[in-house]
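The values are calculated or read from the model by the stated rules, or taken from the named source; none is laboratory data. Values in this document were obtained by computation on a predicted structure and should not be read as measured data. All Cβ positions, glycine included, derive from the backbone under ideal geometry; neighbour counts span all protein chains shown.
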Amino acid sequence: MERRDIFTFLFKPKEKEKETIVRPPYFLNQFSFNKECQNCEGICANFCQEKIIVIMNDKTPKLDFNLGGCTYCDDCAIHCPTDVLNIENKQTIEVEIEINKEKCMSWHNTMCFSCKDPCLDDAIKFNGVFQPIIDIEKCTNCGFCVAVCPSSAIDFKNINDTKTK
Ligand code: SF4
Ligand code: SF4
Ligand code: SF4
């Protein structure tokens, strides 16, 4: 490889990772956010008991698991002035949550139980005292384990970015 090629290779801008947008668990149609939230002052965020709803630049709400988790309290849906969030559409939060074995300290033989305690659904199983995994049968996708992990080893991603009615 020529010098110029090496330089280009090293300083090539990295492709931007797609942001995971986690919606409150009460919507039916993903596209309704872009339409209906434009004339709203982010009321759902004001009523979120856990203060995890963030209104993005496009005026639509997302859950930020770095701020905490969702208790499925219904308040965001009850106060939504449009039909975007409606308690009749209550569902499990649309994400896949898993422990990143590369980053998790316990998978590298350092004892850590930080994620276990906040998991009220007892969905994090250890193999003895190491190697935690999430039991997807029990996990409610609440997100409470995410922010407490000291090595940012709880990954989450959308299971469905294009849900339509
Ligand atoms: S259900 Fe409750 S805790 Fe969850 S996002 Fe809505 S207001 Fe917040
Ligand atoms: S309260 Fe309803 S309309 Fe307002 S930003 Fe939240 S989801 Fe959108
Ligand atoms: S997201 Fe799943 S594993 Fe994490 S605290 Fe909630 S129920 Fe437990």
Quick one: how many residues across segment 30-80 are touching a Phe, Trp or Tyr at 6+ places or on another chain (Cβ under 9 Å) and of a type in the set (A, V, I, L, M)?
4
With the checklist (1) touching a residue at least 12 places away in the same chain (Cβ under 8 Å); (2) more than 9 Å from ligand 3 (Cβ to nearest atom) in hand, flag the one item D121 doesn't pass.
(2)
Out of all the residues in segment 125-148, which are of a type in the set (V, I, T) and not in a strand (DSSP E or B)?
V129, I136, T140, V146, V148
Of the residues D83, D74, D122, which is surrounded by fewer than 18 Cβ atoms within 10 Å (Cβ to Cβ) and over 18 Å from P24 (Cα atoms)?
D122
Restricting attention to segment 70-83, does a residue exist that is more than 15 Å from ligand 2 (Cβ to nearest atom), out of contact with any His (no Cβ under 9 Å at 6 or more places or on another chain) and more than 14 Å from T140 (Cβ to Cβ)?
no
In this structure, is T71 within 11 Å of ligand 1 (Cβ to nearest atom), among the polar types (S, T, N, Q), touching a residue at least 12 places away in the same chain (Cβ under 8 Å) and closer than 22 Å to N158 by Cβ?
yes
Out of all the residues in segment 128-151, is one or more closer than 20 Å to D64 by Cα, touching a residue at least 24 places away in the same chain (Cβ under 8 Å) and either acidic (D, E) or surrounded by fewer than 15 Cβ atoms within 10 Å (Cβ to Cβ) (or both)?
yes
Testing I52 on (1) within 14 Å of ligand 1 (Cβ to nearest atom); (2) more than 30 Å from Q131 (Cβ to Cβ); (3) under 17 Å from the mean Cα position of the chain (by Cα), one condition comes back false. Which one is that?
(2)
Suppose we filter segment 31-54 for residues that are in a loop (DSSP other than H, G, I, E, B), within 12 Å of ligand 2 (Cβ to nearest atom) and touching a residue at least 40 places away in the same chain (Cβ under 8 Å); how many remain?
1
Considering only residues that are within 17 Å of the chain's Cα centre (by Cα) and over 15 Å from I93 (Cβ atoms), which ones fall in segment 113-123?
C115, P118
In the set I93, I154, I87, I97, the lone residue that is within 19 Å of I52 (Cβ to Cβ), more than 19 Å from the chain's Cα centre (by Cα) and modelled with pLDDT of 95 or more is I87
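Hey, among D117, D83, D122, which residue is outside any strand (DSSP E or B) and in contact with a Lys or Arg (Cβ under 9 Å, 6 or more places away or on another chain)?
After ruling out the rest, the residue left standing is D122.
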Kindly list the number of the only condition in (1) surrounded by 15 or more Cβ atoms within 10 Å (Cβ to Cβ); (2) in contact with a Phe, Trp or Tyr (Cβ under 8 Å, 6 or more places away or on another chain); (3) farther than 25 Å from F47 by Cβ that fails for K101.
(1)
